[in-house]
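Every read-out reported here was derived from the displayed coordinates using simple, explicitly stated rules and does not represent laboratory data. Not measured: the values here are computed from a predicted model. Don't worry about glycine lacking a Cβ; one is built from the backbone with ideal geometry, like all the others, and counts go over all protein chains shown.
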Amino acid sequence: MHIVIAVITAVGGLFWALTALRNSGFQFSSLNPFLAIRRWRWSTDYGAKPLYKLDRPMDAAAVLLVAMAKADGIMSAEQKRELLALFGRRFEISTSDASQLLAATTHLLRNELSIVTQVPRIMERSAARFEAHQVAELLSMMRTIAVMDGSINTEQQQLLDVTEQYFASLNAPQQKWH
């Protein structure tokens with residue numbers, strides 16, 4: 001008889017503990033490993049900054065160009081006009097698409113002070129899609145934007161150097177161990 005009372009007490013204690021956990025906010029579904037994996041994948045896909053999820057080379061190049069224009073402070077009207085002209089001419093898009101690209105890129109960079117250290121993460125998804133002539137064209141456009149307000153300042157030079165080094169490291173031949 002004492003064994004039956006012990007079992008009933010243990011089951012009652014277990015129900016009390018589970019109820020207390022549920023009332024305190026604990027969710028038993030969080031113990032499901034499949035749900036945990038699904039939540040982790042979702043957080044990595046949708047929890048990252050949109051700036052780091054650029055797949056198209058045109059979008060990544062636009063981010064670098066706008067960052068180059070914003071590196072010496074607020075973008076001037078002349079820089080905006082030049083960016084719109086570059087987007088239309090070099091990316092071969094319409095004027096309305098160029099202005100939408102500029103607006104979207106400016107929105108992506110609204111809270112960023114300096115992206116010099118973030119260039120590898122920004123270019124990570126789209127770098128493989130860049131062709132050699134596109135890289136050369138991007139660097140040329142970056143130089144054009146940088147010298148528009150006079151000489152290149154240190155942050156603009158750093159951004160240009162980091163971009164060049166990033167693409168140089170991608171195209172560097174991989175040596176085998178002998």
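Largest mean-square fluctuation among L108, L51, L18, in a Gaussian network model of the chain whose springs join Cα atoms under 10 Å apart, belongs to L18. Spatial offset of region 78-103 relative to region 149-167 amounts to 21 Å, using the alpha carbon center of each. With both labels modelled 7 Å from their Cα along Cα-to-Cβ, the R81 to L35 distance reads 5.9 nm. Pair-distance distribution of region 50-171: all C-alpha pairs, bin width 5 Å, starting at 0; shares per bin in whole percent are 2, 12, 24, 26, 23, 11, 2, 0.
Rank these for me by crowding, D72, D149, D55, going from fewest to most other beta carbons within 10 Å. Walk me through the numbers on the way to the answer.
On the way: D72 20, D149 17, D55 9.
So the ranking, lowest neighbour count to highest, is D55, D149, D72.
Put a plus charge on the Cβ of each Lys and Arg, a minus charge on the Cβ of each Asp and Glu, and nothing anywhere else: the dipole of region 50-171 about its Cα centre is then about 260 debye. Mean projected area of the Cα convex hull of region 36-114, taken over all directions, amounts to 6.0 nm². The modelled label-to-label distance between Q134 and A48, using points 7 Å beyond Cα along the C-beta direction, is 1.7 nm. Counting only alpha carbon atoms, the long axis of helix 33-46 and the longest principal axis of the chain meet at about 20°.
Compared with the alpha-carbon gap, the fully stretched path from T19 to M148 is longer by 39.7 nm at 0.36 nm per residue.
Phi-derived couplings, Karplus 6.51 cos²θ - 1.76 cosθ + 1.60 at θ = phi - 60°, listed residue by residue for region 16-30: 5, 5, 5, 5, 5, 5, 5, 5, 8, x, 6, 10, 5, 5, 5 Hz, with x used for Gly and Pro. Close lysine pairs were tallied over the chain: pairs 8 or more places apart or on different chains with Cα atoms under 25 Å apart number 5.
Relative contact order for region 50-171: 41 percent, from Cα pairs under 8 Å spaced at least 6 residues apart, divided by residue count. Against the longest alpha carbon principal axis of the chain, how many degrees, from 0 to 90 and to the nearest 10, is the axis of helix 95-108 turned? Roughly 50 degrees, rounded to the nearest 10. For region 148-155, putting each phi into the Karplus relation 6.51 cos²θ - 1.76 cosθ + 1.60 with θ = phi - 60° gives couplings of 4, 9, x, 7, 6, 7, 5, 5 Hz, in residue order, rounded to whole numbers and with x for Gly and Pro. Given T144, A60, A128, which one lies farthest toward the positive end of the charge dipole of region 41-178, if we put +1 on the Cβ of every Lys and Arg and -1 on the Cβ of every Asp and Glu? Of T144, A60, A128, it is A128.
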